[in-house]
Amino acid sequence: MTALVKKRAGLGSILGQAAILAFGVAAPFLFPAYTFQIAMLWIMILFALTWDIMGGQMGYNSLGNILFFGAGMYISAVVQIGIVYDVAEYTAAFGAIKIDFTEAQYYIGFALGIVAAAVGCTLFAAIFGSMVFGLRGPYFAIGTLGVAIAAGELVGGWDYVGGGSGISMPVFPGDVEPRALFFYFLCFISALATFVFLRWVYSGRFKTTINAIRDDEEKAEAMGIHTTRYKIVAWGIAAFFLGISGAIFGNMIGFIEPLEVAFPTVTLGIFMVVMSLLGGKGTLWGPVLGATLFHLLKEVTWIYLLGWQWVALGTLIIVNVVFFQQGILGWAQDKWPQFFGIVVDEKLSAQGAAAREAAE
Amino acid sequence: MWDNISLLVIAPLLNVQLLMDGVLIGAIFALAAYGLALVWGVTNVKNLAQGDFVIMGGYIAYVFTTLGIHPILALPVAMVLMFGFGWIIYRLIIAHVIERDLFTSLLATFGLALVIQQTLNLIFGPDVQIAESGFDILFLFGGQVTLAEIKLVALVLAGLLAAMIVIFMKTSRMGQAIRATAQNARAAKIMGIDTDRVYAFTFAMNAAICGAAGVLISMIWVIQPFFGISYSIRSFVIVTAAGLGNLPGVIIAGLGLGAAEQFSGFVLGAEFQQATVVGLLVLVLMYRQIQMRRQRRVVS
Amino acid sequence: MTDMIEVSGVSKHYGGVIANNQISLNVPSGRITGLIGPNGSGKTTLFNSIVGFHPIDEGSITFEGQEISKMRVPQIARLGLLRTFQQTRIYGKMNCMDNMMISVPQRHMPLMRMFKKFPAETLERAESILEFVGLYQKRLLPAGSLSFGQQKLLEFAMALINEPKILLLDEPTAGINPTLINGLIDRLRRANEDFGITLFVIEHNMRVIMNLADNIYCLAHGEMLAHGKPDEIQNDKRVIDAYLGAH
Ligand SMILES: Nc1ncnc2c1ncn2[C@@H]1O[C@H](COP(=O)(O)OP(=O)(O)OP(=O)(O)O)[C@@H](O)[C@H]1O
Ligand SMILES: [Mg+2]
C-alpha cells in the first residue's frame with residue numbers, strides 16, 4: 001500500500017515539476033507585462049530554498065543570509081567594472097562617468113562577475129562560518145543578523161565601492177524587451193539550478209546528517225559526525241546560490257547601493273525566513289510553495305494596503321510564527337504522513353516477523 | 001581618522017567630553033538591557049522588540065511636548081501605558097511562544113518590532129524628533145566641555161528607577177515570585193506561584209522600564225521610528241557581555257558601550273556609530289565562543 | 001594486556017559539589033570493565049569527562065596512549081571512543097534505518113562523500129545490526145514510536161555500526177524488561193567477543209554486572225572506593241556498606 005502511495009506521490013511530483021518548468025519558460029511570453037514580477041518570484045524561491053538549508057534542514061536559523069546576496073552583488077559589480085576601468089575612479093564620479101561596454105565586454109564581464117560572486121560568497125561563508133558556528137540558537141540568529149547589518153554599514157562607508165551612494169551597473173547592450181527576457185531567464189535558471197541541486201543533495205547522506213544536527217547536535221557530535229564541516233558546506237551552498245542571485249539582481253536593477261538594494265536585512269533578509277516558514281521549513285517543496293504564496297500575496301495586496309503593508313507584513317510574521325509554525329507542508333505532513341513516505345503502521349515491516357519469532 | 005585620534009591627544013578635554021556623554025547615555029542603555037535580561041532570565045524569551053518599546057516611550061514624551069506638557073511628566077505616564085501595552089502583548093503573543101523553541105520567540109518579537117516601527121512611522125513620519133526639555137547647558141572647564149543639564153537629570157532619574165526596581169525585586173511579593181520563577185519555574189509552580197501571571201508581569205514591567213528609558217532618550221538624544229533595532233542590539237550586546245542576572249555587570253557594560261560609541265563616532269565619523277554597535281556585538285559573541293570553547297562548550 | 005583508557009587523578013566539581021575526586025582507573029583493551037556505585041556517586045560525570053563532554057579540573061585521561069582530556073567530543077568520538085547516554089538519545093523523528101545511517105563512522109570520510117547516497121552494503125550492514133539487537137521488524141518506524149527499552153537497543157545498535165574501539169555504556173539495562181535482560185547480556189558479550197569492542201559499563205543491576213564484567217570499579221561520593229574481580233567486589237565490605245547507605 002505504501003509503495004502505491006509513494007508511487008502516486010512521485011508521479012504528482014513529476015507532473016508538478018513539469019508544469020512549473022513549462023510555466024517558467026512560457027510566462028514572460030504569456031504575461032509580458034509581469035516579466036519583472038515573475039523574475040522576482042524566482043529570486044524569492046531561490047531565497048527561501050537557500051535559507052531553508054540551514055534554517056529548516058539543519059536548525060540553524062540565520063537572520064543574516066542576505067549578507068551573501070549583497071556581497072555577490074558588489075563582488076560582481078567590482079569585477080564587471082574592474083575589467084575595463086579603474087573602479088575607484090568610476091565610483092568617485094558618482095555616475096558621471098559613462099563607460100560604453102562593448103557587447104563582448106559586457107557579457108564576459110557579467111559571466112566573470114557571476115562566477116566571482118559565487119566563489120567569493122562561498123569563501124565568505126567559510127570565513128563567517130568559523131566566526132559564528134560556535135553560537136547556538138538565539139545567539140546564532142542574532143550574531144548573523146549583526147554580521148549582515150555590519151556588512152551593510154561597512155560597505156556604506158567604503159569609498160572604493162561608492163560608499164552610501166552606490167554604483168551604477170554597466171548598461172545592457174540591447175533594447176528593453178530583450179533585456180527583460182535576458183534577466184528573466186537568468187533568474188529562472190538560477191532558481192531552477194538551486195532547486196535541482198538541492199533535490200540532489202537532499203537525497204543522500206547530506207540531508208540525513210544535517211537533519212541529525214538539527215534534531216540533536218550533541219548526539220551527532222557524540223557519534224563523531226563532522227558537524228563543523230557540514231555546517232560550513234551547508235552555508236557555503238546557500239552562499240553560492242545567493243551570491244549568484246545577487247550578481248544577477250544587481251545587474252537587473254541597474255543601480256546598487258548598500259542599505260536598500262544590497263543588504264536589506266529587515267526586508268528581503270526576513271522575507272527569506274518568512275517564506276520558508278509559511279510553506280513549511282525543512283522540506284524541499286515548502287520554501288517553493290511559501291515563496292510563491294508570499295510573493296503573490298505581496299504583489300497583489302501591497303498597493304491596496306495604503307501604506308499599512310509593512311504593518312500587515314509584521315502581523316503576518318507574528319501569526320505565521322506563533323500559530324502556524326509548521327507551515328503548509330509541515331501541516332500536511334502531520335495530517336497525511338503516509339504521503340510523505342513515513343511508515344505509520346507496522347504491518348509492512350512486521351510481515352517477516354512472525355516467522356522469525358517462531359524460530360527464536 | 002588619524003587626525004581625529006591626534007585631536008584626542010592634543011586636546012585631552014575632548015576625552016572628558018566624550019567619556020561624559022558616553023556614560024550619561026550608557027546609563028540609559030543599561031536600563032533597557034536590564035529589562036531584556038529580566039525577561040530573558042524569567043521567561044527565556046529574547047525580545048527583539050526591546051528597542052522598539054524604548055522608542056515607543058520616546059514618542060509618548062514627544063506627544064507630551066507637542067501638547068505643551070513638560071516631557072519629564074511623561075515618565076510615569078509612559079511607564080503605566082507601556083506596562084499595559086506589555087501586558088497585552090504578553091497575552092496576545094508571548095504567552096503562546098513561551099514554551100516553544102527560542103527562535104520562535106525571537107522571530108515573533110521581530111515581527112512585533114516591525115509592526116511597532118512601521119506604525120510609529122505612519123503616525124509620526126520618518127523624521128528625527130526630540131522631546132524638548134528646556135533645560136540649560138552647563139559649561140565646564142572654562143567652556144571647553146559642555147554638559148546639558150537634562151543629561152544629568154536623566155542620569156539621576158535612571159539611577160532612581162534602577163534603585164526602585166532593585167528594591168521592588170528584593171522586597172515585594174511579586175518581586176520574590178519573579179526571582180523564584182527565574183530560578184526554577186517548575187518548583188515555583190509547585191509552591192503555588194501563578195507563573196503565568198509572573199511571566200505577564202515581568203514582560204509588562206520590562207515594557208515599562210523600556211518606556212521610561214525611551215522618555216529619557218527622547219529628551220537627551222533623538223528618536224526616530226526605525227531607531228529601535230539599534231537599541232535592541234545594544235541591549236543584546238550588553239546582556240551578552242555581562243551575563244544574565246548580573247546587575248553590576250549590566251551597568252558597567254552599558255556605560256562602557258555608551259563611551260565606546262561616542263569615541264568611535266568621533267574617531268570614525270558619526271555614520272559608523274551603528275556599525276560600532278554591531279561590530280561590538282560580533283566581537284563579544286566571538287569572545288564568548290573562544291571562552292566557551294576552552295570549556296569544551298558552545299554559546300547557547 | 002594493554003590499557004585502552006587510562007584515567008589518572010581526575011577531579012571534577014559542579015559548583016560546590018565534588019562529583020569526582022582524584023579518580024584513577026584503567027580500562028584494559030578487549031575486556032569488559034564495570035563501573036558501579038550508588039546514585040549520585042559520580043559515574044556519569046566520569047563518563048562525561050572521558051568523552052570530552054565537559055572540561056576536567058585536574059588529572060589526565062589517555063586513550064591508546066594519547067592524551068584526550070583537552071580534546072572535544074567529536075574528535076574523541078572519531079578516535080573510536082563512543083558512549084551511549086543514560087537518558088537514551090536517538091533521533092525520534094527519523095526511522096531506525098536513518099538513525100543507523102547517521103551513525104556510520106566518519107573517521108576518514110573524504111569531503112565529497114557527504115553528497116553521496118549510502119551504499120548498498122552499508123544498508124545491509126545496518127539491517128544486520130538491527131537484526132542483531134532485535135529491531136529488524138521496526139526498522140522503518142519512526143524511532144520515537146519505539147518503547148524506551150527498544151530505544152536503548154537502537155542506541156546500542158547505532159554505537160555498533162560506528163565501529164568503535166571502545167564503547168562506554170551508561171546503564172544499558174535500565175528500563176529493559178527483566179525477561180529480555182539475559183538476551184541483552186548475551187548481545188553485549190557478543191559485541192565484545194565477535195565485534196572486538198572493548199566495553200566499559202555503568203550498571204546498577206548487580207546480577208548483570210557480576211555476570212558480565214571481568215573487573216569492576218566502585219565509586220562512592222565521588223571517590224574511588226574499590227576495585228577488583230566481581231567476586232572480590234561482591235564480598236567487599238566497603239562496597240556493601242556504600243550500597244546499604246551505611247557510609
Ligand atoms: N550538570 C550538573 N550540574 C550540577 N551538578 C551535577 C551535574 N551533573 C551531576 N551533578 C552532581 O554530581 C554528582 C554526581 O552525579 P552523576 O550524574 O555523575 O552520578 P551517577 O553516579 O551517574 O548517578 P546515577 O547512578 O543516579 O546515574 C551528583 O551529586 C549530581 O547531583
Ligand atoms: Mg548516571
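The values are calculated or read from the model by the stated rules, or taken from the named source; none is laboratory data. Predicted, not measured: the structure shown is a model, and the values here were computed from it. Because the Cβ atoms are built from the backbone with ideal geometry, glycine has one as well, and the counts that use them run over all protein chains shown.
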What are the residue pairs meeting all of these: first residue in the stretch C:150-172, first residue more than 22 Å from C:P28 (Cα to Cα), second residue within 16 Å of ligand 2 (Cβ to nearest atom), Cβ atoms under 6 Å, and 6 or more apart or on different chains?
C:Q151/C:T88; C:K152/C:T88; C:E155/C:T84; C:E155/C:T88
Looking for something more than 16 Å from ligand 1 (Cβ to nearest atom), touching a residue at least 12 places away in the same chain (Cβ under 8 Å) and assigned to a helix (DSSP H, G or I) - is there at least one such residue anywhere in the stretch C:86-97?
yes
I'd like to check something: does the stretch C:223-232 contain any residue that is closer than 22 Å to C:Q150 by Cβ and of a type outside the set (G, A, S)?
no
Looking at the stretch C:34-82, which of the residues that are within 16 Å of ligand 1 (Cβ to nearest atom) and part of a strand (DSSP E or B) is farthest from C:I166 (Cα to Cα)?
C:G59
Name the pairs whose Cβ atoms lie under 6 Å apart, with the first residue in the stretch C:53-66 and free of Cβ contacts under 8 Å to residues at least 24 places away in the same chain, the second surrounded by fewer than 16 Cβ atoms within 10 Å (Cβ to Cβ) and of a type outside the set (A, V, I, L, M, F, W, C), and 6 or more positions between them or separate chains?
C:P55/B:Q295
Quick one: which helices (runs of 4 or more DSSP H) lie wholly within the stretch B:184-263 and hold at least 1 residues that are free of Cβ contacts under 8 Å to residues at least 24 places away in the same chain, under 17 Å from B:V42 (Cβ atoms) and touching a Ser or Thr at 6+ places or on another chain (Cβ under 6 Å)?
B:185-190, B:195-220
In the stretch C:164-184, is there at least one residue being under 15 Å from the mean Cα position of the chain (by Cα), over 30 Å from C:E232 (Cα atoms) and either basic (K, R) or not in a loop (DSSP other than H, G, I, E, B) (or both)?
no
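Please determine, by comparing only the residues of the stretch A:182-194 that are touching a helix residue (DSSP H, G or I) at 6+ places or on another chain (Cβ under 6 Å) and not small (G, A, S), which one is nearest to the other protein chains (Cβ to nearest Cβ).
A:T194
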Checking C:V27 against (1) more than 14 Å from chain A (Cβ to nearest Cβ); (2) within 16 Å of ligand 2 (Cβ to nearest atom); (3) aliphatic (A, V, I, L, M); (4) under 14 Å from the mean Cα position of the chain (by Cα): exactly one of these is not met. Which one?
(2)
Among the residues in the stretch C:33-50, are any closer than 16 Å to C:D170 by Cα, away from ligand 2 (no atom under 16 Å from the Cβ) and more than 14 Å from every other protein chain (Cβ to nearest Cβ)?
yes
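If only one of B:A163, B:A180 is closer than 22 Å to B:S235 by Cα and either at pLDDT below 90 or more than 15 Å from the chain's Cα centre (by Cα) (or both), which one is it?
Being closer than 22 Å to B:S235 by Cα and either at pLDDT below 90 or more than 15 Å from the chain's Cα centre (by Cα) (or both) holds for just one of B:A163, B:A180, which is B:A163.
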Considering (1) crowded, with 21+ Cβ neighbours inside 10 Å; (2) in contact (Cβ under 8 Å) with a residue 40 or more places away in the chain; (3) more than 19 Å from C:Q86 (Cα to Cα), say which one C:N192 fails and leave the rest.
(1)
Would you point out the residue of the stretch C:88-145, among those that are hydroxyl-bearing (S, T, Y), more than 7 Å from chain A (Cβ to nearest Cβ) and closer than 27 Å to A:D334 by Cβ, that is surrounded by the fewest Cβ atoms within 10 Å (Cβ to Cβ)?
C:S145
Conditions first: (1) among the basic types (K, R); (2) farther than 28 Å from C:R190 by Cβ; (3) crowded, with 17+ Cβ neighbours inside 10 Å. C:R78 passes all but one, so which condition is the exception?
(2)
Need the failing condition index for C:T84 against (1) within 16 Å of ligand 2 (Cβ to nearest atom); (2) more than 14 Å from chain A (Cβ to nearest Cβ), just the number.
(2)
For C:G16, all conditions in the list (1) within 13 Å of another protein chain (Cβ to nearest Cβ); (2) without any contact (Cβ under 8 Å) to a residue 40 or more places away in the chain; (3) within 13 Å of ligand 1 (Cβ to nearest atom); (4) not aliphatic (A, V, I, L, M) hold save one; what is the number of the exception?
(1)
Being away from ligand 1 (no atom under 16 Å from the Cβ) and hydroxyl-bearing (S, T, Y) is true for just one of C:T173, C:T122. Which residue is that?
C:T122
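For the stretch C:19-33, enumerate the residues that are among the aliphatic types (A, V, I, L, M) and within 8 Å of ligand 1 (Cβ to nearest atom).
Passing the criteria: only C:A19.
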Please work out which residue is surrounded by the fewest Cβ atoms within 10 Å (Cβ to Cβ), limiting yourself to the stretch B:85-108 and to residues that are within 9 Å of another protein chain (Cβ to nearest Cβ) and out of contact with any helix residue (DSSP H, G or I) (no Cβ under 8 Å at 6 or more places or on another chain).
B:L92
Being surrounded by fewer than 23 Cβ atoms within 10 Å (Cβ to Cβ), over 22 Å from A:A126 (Cβ atoms) and modelled with pLDDT of 90 or more is the requirement here; does A:M252 meet it?
yes
Answer yes or no: is there a residue in the stretch B:179-197 that is within 14 Å of chain A (Cβ to nearest Cβ) and crowded, with 21+ Cβ neighbours inside 10 Å.
no
Consider the stretch A:209-234. How many of its residues are at the interface with chain C (Cβ under 8 Å from one of its Cβ atoms), more than 16 Å from the chain's Cα centre (by Cα) and either closer than 16 Å to C:M112 by Cβ or of a type in the set (A, V, I, L, M) (or both)?
9
If a residue must be of a type in the set (S, T, N, Q) and within 7 Å of chain A (Cβ to nearest Cβ), how many such residues does the stretch B:249-300 contain?
3
Residue check, B:V153 over 26 Å from B:F201 (Cα atoms) and surrounded by 13 or more Cβ atoms within 10 Å (Cβ to Cβ):
yes
Would a scan of the stretch A:122-136 turn up a residue that is over 17 Å from the mean Cα position of the chain (by Cα), over 30 Å from B:L102 (Cα atoms), surrounded by 19 or more Cβ atoms within 10 Å (Cβ to Cβ) and touching a residue at least 24 places away in the same chain (Cβ under 8 Å)?
no
Of those in the stretch C:51-70 that are facing another protein chain (nearest Cβ under 9 Å) and touching a helix residue (DSSP H, G or I) at 6+ places or on another chain (Cβ under 8 Å), the residue surrounded by the most Cβ atoms within 10 Å (Cβ to Cβ) is C:G52
